[in-house]
Amino acid sequence: MVYYELKPETKLTEEQEKMLTDAAKLPVVFDEDSPELTDEELAQFYRVSERRREERRKQTVTIRLSPQALDIAKSLGKGYTSVLSRILESALRNKEVIQRYL
């Protein structure tokens, strides 16, 4: 059984509230098309949002840049480190760029 809690600031229409109330009254029916999950099967579920957040989490590294490169990057304004990250990622996906600087 899955339960949802709405954030306090969430406003539902009367129709939505009625739908939720009616749905809560319905019995849960398991059959061969929709069997009840075992504890082992339930343990295999995970929150997709948490995994995606983990995959997107940036790591802190130290990198040496020439003063000229740093000045140009900083001239891009606030968020320049994110711009540098995207530029680096783009360059690393391009084999020609990598070969040119090896």
For region 46-90, what is the convex hull volume of the alpha-carbon atoms per residue, in Å³?
89 Å³
How many angstrom lie between the C-alpha centres of region 7-35 and region 37-54?
22 Å
Given a 1.4 angstrom probe, what's the average accessible area per residue across region 46-102, in square angstrom?
103 Å²
With all protein chains present, how much of the accessible area of the chain (probe radius 1.4 Å) comes from carbon and sulfur, to the nearest whole percent?
54 percent
With all protein chains present and a 1.4 Å probe, the order of Tyr46, Tyr80 from largest accessible area down is Tyr46, Tyr80
Spherically averaged projected area in nm², based on the convex hull that wraps the Cα atoms of the chain
14.3 nm²
Per its Cα gyration tensor (rounded if a/c is under 1.5, else prolate when a/b beats b/c, else oblate), region 1-47 is best filed as oblate
Which value, in Å² rounded to 10, gives the accessible area of Leu102 with a 1.4 Å probe and all protein chains present?
150 Å²
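The values are calculated or read from the model by the stated rules, or taken from the named source; none is laboratory data. Given the structure is predicted, the values throughout are model-derived calculations rather than measurements. Side chains are part of the model used for accessible areas, which takes the heavy atoms of the whole protein and leaves out ligands, DNA and RNA. Shrake-Rupley method; radii C 1.70, N 1.55, O 1.52, S 1.80 Å.
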